[in-house]
Amino acid sequence: MRNPLKQLADRIAELAGPFGYRAFVDSAPVLERALARNAGLGWIGKNANLIDPKRGSWFFLGELYTDLPLPHDSPETGYYCGTCTRCIDACPTGAIVAPNRVDARRCISYLTIELHGPIPEDLRALIGNRIYGCDDCQLVCPWNKFAQASAERDFAPRHALDRIALTEAIAWDEAEFLARTEGSPIRRIGHERWLRNIAVALGNAPTGPAVIAALQSRATHPSELVREHVRWALARHGLA
Ligand code: B12
Ligand code: SF4
């Protein structure tokens, strides 16, 4: 996102002359959804994401802060979620507690990416096989029927990460984790939380020898965080 924002700034500079700016994308306490809505890009839907009537919500928001005296856009005033509650009904952890209100503590995105410590036990079974974030509230949104897959190479899955088996991924040591996630945002959760998340997902998998062997291979990991999640997962398969 930084490169396109820089290109946008260069294009503005061609038209308006040199100007000062700062680019943001999910990188600072900036009210990105509210700014986007006020800039006329769409409305904030019941799933709390900004929905563009032509593109749905499968995009990141990025912006340039500048003191250039630009003309104002008119805010999008419509709200087109209507009576639909698909996102609220589909959320695996019941995190969308009311239209447009997400309890971040229950959201799988928070639990698997932002949370550093143990994942609350009552939510583990609800996480299913999600090991990094969640998009269910966007997947079910009817407005995303119009969404197009991006041709940007940066948004394509890297290192075949969309085709890995969890029983293999739990075996990666830290060096392999870092190599396989190079250039991917997944890298920032680090190896320990990667193993924590996979342990939960394998705890939710159908019981079988490969799943149990994969979990047992991490039962003596130096991190208590990992060991505790592995114990929980093995208990789910009837192994205390
Ligand atoms: C913290 C955060 C999270 C948290 C909390 C999410 C939440 N819904 O609050 C967690 C980790 C759970 C999360 C998850 C996800 N996130 Co997030 N997240 C953010 C982040 C960094 C800050 C949002 C925030 O809390 N801002 C502070 C609050 C105060 O702002 P706000 O909620 O917009 O508040 C406004 C209104 O809601 C209202 N308001 C809020 N509280 C109150 C209280 C009162 C009394 C009143 C009157 C009004 C009011 O007023 C505020 C000002 O207008 C933004 C990036 C950014 N800088 O904005 C991305 C962002 C919102 N996330 C994004 C994405 C993609 C996701 C996920 C899909 C990621 C994933 N695949 O796993 C999930 C989706 C979860 C969901 N359904 O929302 C995108 C959304 C893109 C879009 N189309 O809208 C953003 C914009 C990042 C980006 N640059 O692309 N996220
Ligand atoms: S990202 Fe997943 S867990 Fe979070 S609010 Fe959406 S559906 Fe719920």
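Local charge sum around GLY17 (other residues, Cβ-Cβ under 14 Å, Lys/Arg +1, Asp/Glu -1)?
Working: positive: ARG11; negative: ASP10, GLU14, ASP67.
Net charge around GLY17: -2.
Convex hull of alpha carbon positions in region 2-66: directionally averaged projected area 5.0 nm². Zone of LEU68 (label point 7 Å along Cα→Cβ, backbone N under 12 Å): which residues in region 17-42? Output list for this probe position: 17-22.
For the chain, the longest principal axis of the alpha carbon atoms and the long axis of helix 2-16 meet at an angle near 0°. In this rough spin-label picture, where each label sits 7 Å from Cα along the Cβ direction, the GLU228-THR85 distance is 3.5 nm. Running Debye on the chain with equal point scatterers at the Cα sites and no solvent, what base-10 log of I(q)/I(0) appears at q = 0.10, 0.13 Å⁻¹? At q = 0.10, 0.13 Å⁻¹ the computed log10 ratios are -0.60, -0.93. Computed from point charges on the beta carbon alone (+1 for Lys and Arg, -1 for Asp and Glu), the dipole magnitude for the chain about its Cα centre is near 400 Debye. Placing a pseudo-label 7 Å from each Cα along the Cα-to-Cβ vector at GLU174 and GLN148 gives an inter-label distance of 4.4 nm. Across GLY82, GLY45, GLY133, mean-square fluctuation computed from a Gaussian network of the chain (C-alpha pairs under 10 Å connected) peaks at GLY82. Legend note: in the chain, cysteines whose Cβ sits 4.7 Å or more from every other cysteine Cβ are CYS81, CYS84, CYS91, CYS107, CYS134, CYS141.
The GNM of the chain, with springs linking C-alpha atoms under 10 angstrom apart, assigns the highest mean-square fluctuation among PRO18, PRO120, PRO92 to PRO18.
From least to most packed, judged by other beta carbons within 10 angstrom and beginning with the fewest, LYS54, LYS46, LYS6 follow the order LYS54, LYS6, LYS46.
Placing pseudo-labels 7 Å out from each Cα toward the beta carbon at GLU114 and ILE164 gives an inter-label distance of 2.3 nm. Using a 7 Å offset from Cα along Cα-Cβ at ASN100, what residues in region 124-150 end up with backbone N under 19 Å from the label point? It comes to 137-138, 141-144, nothing else. Compute the angle between helix 190-203 and the longest alpha-carbon principal axis of the chain, please, reported from 0 to 90 degrees and rounded to the nearest 10. The answer is roughly 60 degrees. Across the chain, the longest run free of exposed loop sites, meaning chymotrypsin sites (Phe, Trp or Tyr not before Pro) lying outside DSSP classes H, G, I, E and B with no more than 15 other Cβ atoms within 10 Å, spans 81-240. GNM remark for the chain: springs join alpha carbons under 10 Å apart, and the peak mean-square fluctuation among ARG37, ARG218, ARG22 falls on ARG22.
If you plug the beta carbon distance of LEU35 and ALA240 into 1/(1 + (r/R0)^6) with R0 = 51 Å, you get a FRET efficiency near 0.50.
Readers should treat all values here as calculations from the given coordinates under stated rules, not as data from a laboratory. Keep in mind that what you see is a predicted model, and the values were worked out from it rather than measured. Please note: Cβ atoms are built from the backbone with ideal geometry, for glycine as well, and neighbour counts cover all protein chains shown.
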